[in-house]
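So the structure is just underneath, and the comments pick up after that.
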Amino acid sequence: MKTEEKLMEFRRASKEKAESMRRNSLNEINARIKQEATESIKKAELESKNRINEEFHKLSQERNRSILEAKNSCKEKLVNLRKEYYNSIFENVERELYNFTRKEEYKFYLAENIKRNYIKIYFTKRDMLHADFIKERVGFGIEILESDDDFIGGFKAVLPNKNIMIDNSFKSKLLEEREKINVFRIV
């Protein structure tokens, strides 16, 4: 083999070696680029998912807060409407009770509800006009006194031997009924 042939062989071998090294380097670079790109994509996807989750959580909290505020507002409106309705009903009942005290049958109601063991009976100022009728109707010695309180109608009485006040007034009965109804209950 001559020098020229050796040189050509050396060039060819060098070129092959250089080409092989170049391919290996390119493969390594491409593999590194591909790996870095894959890692960057995974990192970006993870960051994106985290941001999406954070935003979803924030929106979920805002939605829940808005729902709670709307719910509370509705409950408050419902309670207020119930109060209005409740007050309206009891105002009508109170008005009807006052109207009843102006009717003829009212004095019979009073006479029927006064028991013989009452000695002192308290009436409203308006009801004092029925005092004589009640004394006649009940038929025993009772003392009818005018109360300073306006308790719509009915009467208050004292049991003499026990010194107990019996409240048979329309106002106290109306208040008892009001207390039985829980206007603030939410269905």
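Just so you know, all these numbers are worked out from the coordinates, no wet-lab data involved. These figures come from a predicted structure and were not determined experimentally. Here the Cβ is made from the backbone with ideal geometry for all residues, glycine too, and neighbour counts use every protein chain on show.
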Hits among lysines - C-alpha to C-alpha of Lys162 under 20 Å, sequence gap 8 or more where chains match: Lys115, Lys120
With the dipole of the stretch 31-98 defined by +1 on each Lys or Arg Cβ and -1 on each Asp or Glu Cβ, the option from Asn87, Ser66, Ser40 whose Cα lies farthest towards the positive pole is Ser40
Round to a whole angstrom and tell me the spacing of the C-alpha centers of the stretch 102-143 and the stretch 25-56. 97
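Taking Cα pairs under 8 Å and at least six residues apart, what relative contact order does the chain come out at, in percent?
Values: 131 pairs, mean separation 33.1, N = 187.
About 18 percent, as a whole number.
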What are the ³J(HN,Hα) couplings of the stretch 62-71, residue after residue, when phi is run through the Karplus curve with 6.51, -1.76, 1.60 and θ = phi - 60°? Round to Hz, x for glycine and proline. 4, 4, 4, 5, 5, 5, 4, 4, 5, 4
Could you please report the charge total around Ala18, scoring K, R as +1 and D, E as -1 over all other residues with beta-carbon less than 14 angstrom from its beta-carbon? +4
Whole-Hz ³J(HN,Hα) for each residue in the stretch 173-179, computed from phi via Karplus 6.51 cos²θ - 1.76 cosθ + 1.60 with θ = phi - 60°, x for glycine and proline: what do you get? 5, 5, 5, 4, 5, 4, 5
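Please give the charge dipole size of the chain, origin at the Cα centre, charges +1 on K and R Cβ atoms and -1 on D and E Cβ atoms. Round to the nearest 20 debye. Provide the component values of the computation, followed by the final result.
Working: 40 positive and 34 negative charges, 244 e Å.
The calculated dipole for the chain is roughly 1180 debye.
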Mean shadow area of the chain over all directions, Cα convex hull, nm²: 21.4
Only helices counted: for the chain, with every DSSP H run of 4 or more residues adding -39500 (n - 2.57) and the sum spread over all residues, [θ] at 222 nm is -25000 deg cm²/dmol
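For the peptides 11-20, 85-94, 118-127, what is the packing order when you average, over each peptide's residues, the other Cβ atoms within 10 Å and list the highest mean first?
Details: 11-20: 10.1, 85-94: 12.7, 118-127: 18.6.
Ranking the peptides 11-20, 85-94, 118-127 by packing returns 118-127, 85-94, 11-20.
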Report ³J(HN,Hα) in whole Hz for each residue of the stretch 5-11, in order, from the Karplus equation J = 6.51 cos²θ - 1.76 cosθ + 1.60 where θ = phi - 60°; Gly and Pro get x. 5, 5, 5, 5, 5, 5, 4
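Of the listed pairs Lys125/Lys171; Lys77/Lys171; Lys125/Lys180, which have alpha-carbon separations greater than 23 Å here?
Details: Lys125/Lys171 15 Å; Lys77/Lys171 29 Å; Lys125/Lys180 29 Å.
With Cα atoms farther than 23 Å apart: Lys77/Lys171; Lys125/Lys180.
Taking the Cα centre of the stretch 80-137 as the origin, how large is its charge dipole in debye, to the nearest 20, when only Lys and Arg (+1) and Asp and Glu (-1) carry charge on their Cβ atoms? Walk me through the intermediate numbers first.
On the way: 13 positive and 10 negative charges, 52 e Å.
Approximately 240 debye in magnitude.
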Could you list which residues have their amide H under 5 Å from that of Ile144, counting only those 5 or more apart in sequence or on another chain, with H placed in the peptide plane? Ile121
